[in-house]
Structures are given as C-alpha cells and as structure tokens.
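The block underneath contains the structure these notes are about, expressed in structure tokens.
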Amino acid sequence: PGLPGTHTGSMAKIGMGASLRALIEFKRNFWGDTVGYILGSNNVPEFMSIGLDRSVFNATLQVTVNGAKAAELSALGAGAFDASMAELDVLYAGQATLYIRKKIIQDPNTLDTVETDPIYIMEDWTTREYINGGYSYPLPGATNNDRKNIGQPIGGKLFFAGEATDITGNAGMINGALASAERCAEEVVKSITNPS
C-alpha cells in the first residue's frame, strides 16, 4: 500500500547520493609518516591514511567519494581504481603504481612466484541492490522532524530503521543506523506486548 503523506513528504526532503569507498594496500608508505590526509584534485578529493597511529605503521589508504564524482567513478566500473591510482601517481610522481601491493601466486610450471593483481577492496554502494547510494543528507527545508516522521511505525505492522531515521544526532553514520535499529526493535516489542 501507499505510504502516508507524512512519510512521503518527509522522504522527499531527505536525499541520498552516490557513494563509493576503496581500501588500497601498498608495499610501503610513500606519503610520509606524519600524513593523515592527502588532498586529491580531479577524481578523488581525499585519501586518508587509516589504522592505528595512522601512517607510522600503515601502508593502506582509504578513498571515499560521494555525490557527482562518485557517480562518475561508479560509471567507470573497475576503472574507478585506475582513476584513484592515476590521481596518486600525479601527486607522488608514480610511486602509487610503483609500490602497490599485488597478489603473489606460484607459477605451477616454473614454481616461481609471480605478482598478479593489485590488492584493494572497492565498495560501490551506488550499484548495490537495495542500497543505491551512500548515506542520507537533508535537502533545503528539511528538519529533524522529517527524519522522525520517516521513522514512525505504520499501524503497528510496518517499521522503519536506518541512519536516515536517526534523530539522536548521528544521521548519516553507522551510529545512527545502530541507534535507529534499537529504537525500531523497541517499537516492534511494544507492538507485540501491547497491541492496540
């Protein structure tokens, strides 16, 4: 059935854009031990050195791209990784390609070890069925009441959770998704124990 106007009206005030994230592993840290963030330019606005003590013990970079740029990269498919590497190569004179960690396999004929594909993980939420984007954001004119309206149960039978329904101040984050799941679970329990 169609949703009540309070839900659809509030849903129209909350947006969700394209989003993708990659974790890229390198053989060595070529960006420097004190660098936590690397500002990109064309395709990738920012690279972040992640993990304990950031760059000191870490040779992994995280890339998160949202919005129109994420949609452009998503359209490239596997080429999104190449675009990220090209960006780093420009910033660090080819060191990204030079130091990318690759899978190592043993050639069954010669028993020599051979490097194959680069080691990275890319999650393109834009193309994932039932997800289709990153996280919610308020459009002009939206208020916290819109998030509250979206999260309201319908008839004690249909319940809504997700970071877009969070009103604790953590919308757009995993903490908001978790808080909304707790709220939703409590609503379900209440509907079972106190049916109206």
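Quick notes on this one:
- Every listed requirement among (1) touching a residue at least 60 places away in the same chain (Cβ under 8 Å); (2) under 30 Å from Ala164 (Cα atoms) is met by Thr127 save one, (1).
- Scanning the range 126-170 for residues that are charged (D, E, K, R), in a loop (DSSP other than H, G, I, E, B), closer than 18 Å to Val188 by Cα and open to solvent by 60 Å² or more (accessible area, probe 1.4 Å) returns a single hit, Lys157.
- Count of residues meeting criterion [out of contact with any Lys or Arg (no Cβ under 8 Å at 6 or more places or on another chain), part of a strand (DSSP E or B) and either surrounded by 13 or more Cβ atoms within 10 Å (Cβ to Cβ) or at pLDDT below 90 (or both)] in the range 106-125: 5
- Residue within the range 90-101 that is open to solvent by 80 Å² or more (accessible area, probe 1.4 Å), more than 14 Å from Val44 (Cα to Cα), modelled with pLDDT of 90 or more and under 19 Å from the mean Cα position of the chain (by Cα) present: no
- Flag for Val44 being at pLDDT 85 or above and either in a loop (DSSP other than H, G, I, E, B) or under 18 Å from Gly94 (Cα atoms) (or both): yes
- Some residue of the range 74-83 being more than 23 Å from Tyr135 (Cα to Cα), open to solvent by 50 Å² or more (accessible area, probe 1.4 Å), out of contact with any Gly (no Cβ under 9 Å at 6 or more places or on another chain) and in contact (Cβ under 8 Å) with a residue 12 or more places away in the chain: no
- On inspection, Asn58 qualifies as touching a residue at least 12 places away in the same chain (Cβ under 8 Å), in a loop (DSSP other than H, G, I, E, B), crowded, with 16+ Cβ neighbours inside 10 Å and within 23 Å of the chain's Cα centre (by Cα).
The values are calculated or read from the model by the stated rules, or taken from the named source; none is laboratory data. Owing to the predicted nature of the structure, the values given are computational and were not obtained by experimental measurement. Note that each Cβ is placed from the backbone with ideal geometry, even for glycine, and that neighbours are counted across all protein chains shown. Calculation scope for accessible area: heavy atoms of the full protein, side chains included, ligands and nucleic acids excluded. Shrake-Rupley method; radii C 1.70, N 1.55, O 1.52, S 1.80 Å.
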